[in-house]
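Structure first, commentary second.
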Amino acid sequence: MRSILPTVLENEGLDGALSALVAQSPVPATLRVRAGRAPVSVETTVYFAVAEALTNVARHSGASHAMVVLTHTGDRLHARVEDDGHGGAVVRDGSGLAGIARRAEAHDGTLRVWSPAGGPTVVEVELPCGS
Ligand SMILES: Nc1ncnc2c1ncn2[C@@H]1O[C@H](COP(=O)(O)OP(=O)(O)OP(=O)(O)O)[C@@H](O)[C@H]1O
Ligand SMILES: [Mg+2]
């Protein structure tokens with residue numbers, strides 16, 4: 001799957017691009033990065049996943065805070081977006097999270113969503129990044 005590489009990602013790398021997303025989040029959010037660089041296709045997929053998850057936090061969660069954590073284990077890059085809202089996120093055909101899931105799968109990755117009634121919500125995308 002192809003898409004336009006966001007300028008911020010090209011200029012500042014995933015760390016800087018995620019910082020910008022977190023800074024723009026209407027729901028206060030913090031970022032923790034414990035990962036180095038990954039192939040640009042992987043970084044782009046992670047960027048869009050975090051962007052969608054943070055948009056969802058603002059639109060749907062009722063949260064007062066969100067946290068984005070990027071980690072690297074072995075040859076896999078994990079990005080987790082967690083909010084302290086009321087839960088109820090679902091992956092349903094045709095909407096944003098399903099698009100992220102398809103995109104992750106196209107890179108042999110996965111999207112997981114935990115969002116019990118009452119919250120919290122955790123959205124995690126995991127992608128292989130060995131090239
Ligand atoms: N962080 C969240 N907290 C609570 N509910 C959520 C959260 N994220 C998503 N949801 C719920 O899950 C549904 C599906 O989310 P998804 O992103 O797939 O679609 P959408 O945001 O409604 O539409 P789109 O992303 O296509 O604009 C949302 O409509 C909302 O009800
Ligand atoms: Mg959405």
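Bear in mind that the values in this text are calculations on the coordinates, not laboratory data. Here the structure is a predicted model, which means the values were calculated and not measured. When we count neighbours, we look across all protein chains shown, and the Cβ atoms used for this are built from the backbone with ideal geometry, even at glycine.
Taking region 1-46 as the range and being within 12 Å of the chain's Cα centre (by Cα) and either more than 16 Å from residue 66 (Cα to Cα) or surrounded by fewer than 16 Cβ atoms within 10 Å (Cβ to Cβ) (or both) as the test, the residues that pass are 14, 17, 42, 43, 44, 45, 46.
Can you find even one residue in region 54-75 that is within 11 Å of the chain's Cα centre (by Cα) and more than 13 Å from ligand 1 (Cβ to nearest atom)? Yes: region 54-75 contains one or more residues that are within 11 Å of the chain's Cα centre (by Cα) and more than 13 Å from ligand 1 (Cβ to nearest atom). Can you tell me which residue is farthest from residue 44 (Cα to Cα) among those in region 92-112 that are within 12 Å of ligand 2 (Cβ to nearest atom) and surrounded by fewer than 17 Cβ atoms within 10 Å (Cβ to Cβ)? Checked region 92-112; the qualifying residue farthest from residue 44 (Cα to Cα) is 92. Return the residue satisfying two criteria in turn: it lies in region 76-94 and is over 25 Å from residue 28 (Cβ atoms) and either within 8 Å of ligand 1 (Cβ to nearest atom) or part of a loop (DSSP other than H, G, I, E, B) (or both), and of such residues it is nearest to the chain's Cα centre (by Cα). Checked region 76-94; the qualifying residue nearest to the chain's Cα centre (by Cα) is 91.
Of the listed requirements (1) in a strand (DSSP E or B); (2) touching a His at 6+ places or on another chain (Cβ under 7 Å), residue 41 misses just one: (1).
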